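Written out below as structure tokens is the structure these notes cover.
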Amino acid sequence: MVTKVEMFKKEMERPKEIYEREIADFTKRYPALGKMTITERPDIDVQEYIFSFENLNRTSRNELDRIYLEITDHMDEFSRHNDIEKFSKWAVIWI
């Protein structure tokens, strides 16, 4: 028997690939960001996808907040244009 979270994960495979590729490409422009790590946190019937970045060079909180807003704005717009808004709803970005 397939659980709801397993069905959700299967449905999100392709959107996750699209989102992951775009966020990796987009964030290359920020030298303050280091390695990206993706953590999947399952719930009862859905799953969160956490995209976390290392802070390099002791970048200030203000600068990281600015970068965070630029990334989230871009990824929201990208998700709308690529019809992956359902995935984007469960994607979390941490810096």
Subject >> Crossing angle, helix 61-81 versus the chain [Cα axis fit, 0-90 degrees, rounded to tens] >> reply: 40
Original post:
Are any of the pairs Lys10/Lys35; Lys16/Lys86; Lys9/Lys89; Lys35/Lys89; Lys4/Lys89; Lys35/Lys86 more than 19 Å apart by Cα-Cα distance, and if so, which?
Top reply: Lys10/Lys35; Lys35/Lys89; Lys35/Lys86
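For the chain, what is the relative contact order in percent, using Cα pairs closer than 8 Å and at least 6 residues apart in sequence?
Once divided by the residue count of the chain, the mean separation gives 33 percent.
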Original post:
For Met36 and Glu13 in one chain, what is 0.36 nm times their gap in residues minus the Cα-Cα distance, to one decimal in nm?
Top reply: 6.4 nm
Subject >> Virtual paramagnetic centre 7 Å along Cα→Cβ of Ser52, amide N under 12 Å, in region 75-95 >> reply: 93-95
Original post:
Which entry in [x] 14.2, 49; [y] 16.7, 51; [z] 12.7, 37 is this structure's computed Rg and Dmax of the Cα atoms in Å?
Top reply: [x]
Original post:
Relative to the longest principal Cα axis of the chain, at what angle does helix 4-26 sit, 0 to 90 degrees, rounded to 10?
Top reply: 20
**OP:** From largest accessible area down, sort Ser60, Ser79, Ser52; use a 1.4 Å probe on the protein chains.
**Re:** Ser60, Ser52, Ser79
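The values are calculated or read from the model by the stated rules, or taken from the named source; none is laboratory data. Keep in mind it's a predicted model, so treat the numbers as computed, not measured. Glycine also receives a Cβ, built like all others from the backbone with ideal geometry; neighbour counts cover every protein chain displayed. Just so you know, the surface numbers come from the protein's heavy atoms only, side chains and all, with ligands and any DNA or RNA stripped out. Shrake-Rupley method; radii C 1.70, N 1.55, O 1.52, S 1.80 Å.
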